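The values are calculated or read from the model by the stated rules, or taken from the named source; none is laboratory data. Owing to the predicted nature of the structure, the values given are computational and were not obtained by experimental measurement. Here the Cβ positions follow ideal geometry from the backbone for every residue, glycine too, while neighbour counts run over all protein chains shown.
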Amino acid sequence: MRSKKTAKNNLIVGVDLGTSRSAISANNRKKRWVDSYVGWPKDFIARKVVGKSILFGEEALVNRLSLNLSRPLAYGVIKEGMERDEEAVRALFEHLIGLIGADKRSHVRAVVGVPAEALKANKIAIKKAFSDYTDSLMVVSEPFAVAYGLEALNNAMIIDIGAGTIDFCIMHGTVPADEDQRSIVMAGDYVDEQMFTAIKARYPDADFNLEMVRQIKEEFSFVGEPEDRVEVNLPVASKQTLHDVTDEVRIACESILPAIVETAQELIANFDPQFQDEIRKNIILAGGGSQIKGLCSYLQKVLGEDGPAGVQRVKDPLFSGANGALALAKDMPKEYWSEE
Ligand SMILES: Nc1ncnc2c1ncn2[C@@H]1O[C@H](COP(=O)(O)OP(=O)(O)OP(=O)(O)O)[C@@H](O)[C@H]1O
Ligand SMILES: [Mg+2]
């Protein structure tokens, strides 16, 4: 019986299950994140080379040639029916709770944030993956977790710009319903692909991969007029050569703007007309993509054409989902929990 566990093993955690990064925040004040990769050695030579039976995050990426690598959360959800992905999510979760000091003997109460529209379809698969490690579990939408952590519970809109999806959620003083939420499958990964294609078109001789493009994006992303030129070293016939990629970075980052504007406008327009201005004035950007330079002011300007608008971004995009999920886990009344 689990009730024999000691109080020391009681942990409350908030988890943000992301396509590219997963984060955990716990009531023992520990918080950790990991790139959402899990890898198993391909054969016994690989096992000898990597020295472990399973690898996570950055370490898995670095050793990818020796591994069967899984990025299990397509668009932030478990690909149902894919046994290896389900196993990878289970392992990732075990790894995350291990990082904050829990183990299989711990009593874990967890709130897990997943993308808004995927929530319904994948709740069962997600619960299945975590049930070995949790005593009580609740699955919520990522942007709702972010909103809760910021106490933006009334007349606010969260836009969570992740790797696989951009999730929108309107908060109006209650737990958000389906019609308050929207996901679009065009986010950081899409920007990477656009940037890769644009750079390749301009510099066909340059040798680079998607991972290098993502690094360029994370360092130089911007929308609007450039403040400086973006120049990066890329090998040409194995010789490092400086390339100007300013226009390509801009075009790729701007490629997600029309969909963001349109979806935000649509959600606001569907809302009670008396509160539309209030929501437009209180838009909060979260997720890794919220760090794109010039994004807040661009959205404020364009949405401002419909009425007064205010757009800001969260201070800690890496942990805002996990921190919010933890706050929820601490506050949530008993009847909301499903006991495992
Ligand atoms: N400075 C930056 N500028 C632009 N994009 C960035 C920056 N830093 C990180 N990103 C991008 O943000 C994305 C990761 O964000 P986040 O960790 O919120 O996603 P996720 O939660 O894993 O994905 P999802 O919510 O779609 O499941 C990646 O595409 C990453 O390249
Ligand atoms: Mg996310």
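Gly321 meets the conditions (1) buried (at least 17 other Cβ atoms within 10 Å of the Cβ); (2) away from ligand 1 (no atom under 16 Å from the Cβ); (3) within 18 Å of Pro176 (Cβ to Cβ) in every case but one. The failed one is (2).
The one condition from (1) within 20 Å of the chain's Cα centre (by Cα); (2) crowded, with 17+ Cβ neighbours inside 10 Å that Ile279 does not meet is (1). Taking the criterion of being buried (at least 19 other Cβ atoms within 10 Å of the Cβ), over 28 Å from His107 (Cα atoms) and of a type outside the set (A, V, I, L, M, F, W, C), the only residue of segment 38-54 that qualifies is Pro41.
I'd like to verify a number: residues in segment 16-37 that are closer than 16 Å to Arg109 by Cα and more than 11 Å from ligand 1 (Cβ to nearest atom), how many? The number of residues fulfilling the criteria is 8.
In the condition set (1) away from ligand 2 (no atom under 16 Å from the Cβ); (2) over 28 Å from Leu257 (Cα atoms), Ile126 is compliant with all but (1). For segment 246-262, residues that are touching a residue at least 60 places away in the same chain (Cβ under 8 Å) and away from ligand 2 (no atom under 16 Å from the Cβ) total 4. Among the residues making up segment 148-201, a single one is within 16 Å of ligand 1 (Cβ to nearest atom) and among the basic types (Lys, Arg): Arg182. Residue count for segment 131-156 satisfying the condition of being in contact with a helix residue (DSSP H, G or I) (Cβ under 7 Å, 6 or more places away or on another chain), more than 16 Å from ligand 2 (Cβ to nearest atom) and in contact (Cβ under 8 Å) with a residue 60 or more places away in the chain: 5.
For segment 68-88, does any single residue satisfy the condition of being in the same structural domain as Lys334 (by TED's automatic domain parsing), away from ligand 1 (no atom under 16 Å from the Cβ) and modelled with pLDDT of 90 or more? Yes.
Only one entry of Gly164, Gly173, Gly188 meets the criterion of being within 16 Å of ligand 2 (Cβ to nearest atom) and modelled with pLDDT of 90 or more, and that entry is Gly188. For segment 300-318, the candidate set comprises residues that are in a helix (DSSP H, G or I) and touching a residue at least 40 places away in the same chain (Cβ under 8 Å); within that set, the residue that is farthest from Gln181 (Cα to Cα) is Val302.
Residue by residue, here is whether (1) at pLDDT 95 or above; (2) within 15 Å of ligand 1 (Cβ to nearest atom); (3) of a type outside the set (Lys, Arg) holds:
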| residue | (1), (2), (3) |
| --- | --- |
| Pro204 | yes, no, yes |
| Glu231 | yes, no, yes |
| Ile251 | yes, yes, yes |
| Leu257 | yes, yes, yes |
| Val261 | yes, no, yes |
| Pro273 | no, no, yes |
| Ile284 | yes, yes, yes |
| Ile292 | yes, yes, yes |
